[in-house]
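Remarks on the structure that follows.
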Amino acid sequence: MSVNWNKINRKTHYWGSMVCAIPVFIIIVSGSLLLLKKEFTWIQPATVRGVEKTPSVSFEEILHVAMGVEQAEITSWGDIDRLDVRPNKGVVKIRANNQWEIQLDHATLKILQVAYRRSDFIEALHDGSFFHKKVTLMVFLPAAIVLLVLWLSGMYLFVKTVAKRTAKKNRKKQIVAVN
């Protein structure tokens, strides 16, 4: 019994594309949005520049100012996801757990901007962790492996087709040269 690689390849592509269709769609759409996150403030607020380049405020002062921003709903350090200190831009970004971002001048504590940050949500969609931590390894990783197999088998088909066409052209040239 001989193995028909073309048939196996077609079936691999047929079923493999079904297995990874939804995860790959999510990855493509969210990845495209992430590529544009610096271009659209709807996705990620632009960084506003502060006055000083040397931070001169304490963490307690930062927390106190952040607690005064109603949208962020910060009552303690537990409500803060992270602080992003940008000394060269003179700003501290405070990311609340509810996705609101507060940008403070890190010398004067002046609130430079308060905006909703969607990029973290889009990143969680992109890697599958939005759905559940295990989805990343149990759905998105297998989809990536299937996509790799599809790519490899597609490249095999492409190279095989080009090789056949080249061989056919060479045979025609040899026939013409003989005649």
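The values are calculated or read from the model by the stated rules, or taken from the named source; none is laboratory data. If you're wondering where the values come from, they're calculated on a predicted model, not measured in any experiment. Glycine gets a Cβ as well: all are built from the backbone with ideal geometry, and neighbour counts include every protein chain shown.
Wholly within the range 84-179, which strands (runs of 3 or more DSSP E) include no fewer than the required count, namely at least 3 residues that are at pLDDT 85 or above and touching an Asp or Glu at 6+ places or on another chain (Cβ under 8 Å)? So that I can check it myself, show each step before the final result.
Working: elements: 91-96, 100-105, 111-116.
Strands (runs of 3 or more DSSP E) meeting the threshold: 91-96, 111-116.
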| remark: Out of (1) on the phi > 0 side of the Ramachandran plot; (2) out of contact with any Ser or Thr (no Cβ under 9 Å at 6 or more places or on another chain), the one residue 128 does not meet is (2)
| Of the residues that make up the range 128-141, is at least one touching a helix residue (DSSP H, G or I) at 6+ places or on another chain (Cβ under 7 Å), farther than 17 Å from residue 48 by Cα and charged (D, E, K, R)? | no
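Sort out which residues of the range 1-59 are of a type in the set (Asp, Glu) and outside the structural domain of residue 155 (by TED's automatic domain parsing), and write them in order of number. Can you show your working first?
The initial filter retains those residues of the range 1-59 that are of a type in the set (Asp, Glu), namely 39, 52.
Within the range 1-59, just 52 meets the criteria.
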| message | Exactly one of these conditions fails for residue 77: (1) modelled with pLDDT of 90 or more; (2) within 26 Å of residue 35 (Cβ to Cβ); (3) not aliphatic (A, V, I, L, M). Give me its number. | response | (2)
| Where a residue in the range 127-142 is closer than 17 Å to residue 31 by Cα and its partner, wherever it lies, is surrounded by 13 or more Cβ atoms within 10 Å (Cβ to Cβ) and of a type in the set (Asp, Glu), with Cβ under 7 Å and at least six apart | 136/127; 140/127
| task | Hey, can you tell me all the residues within the range 18-40 that are of a type outside the set (Val, Ile, Thr) and either in contact with a Lys or Arg (Cβ under 9 Å, 6 or more places away or on another chain) or in a helix (DSSP H, G or I) (or both)? | result | 18, 20, 21, 23, 25, 30, 31, 32, 33, 34, 35, 37
| field | Tally of residues being more than 22 Å from residue 117 (Cβ to Cβ) and free of Cβ contacts under 8 Å to residues at least 40 places away in the same chain across the range 38-66 | value | 3
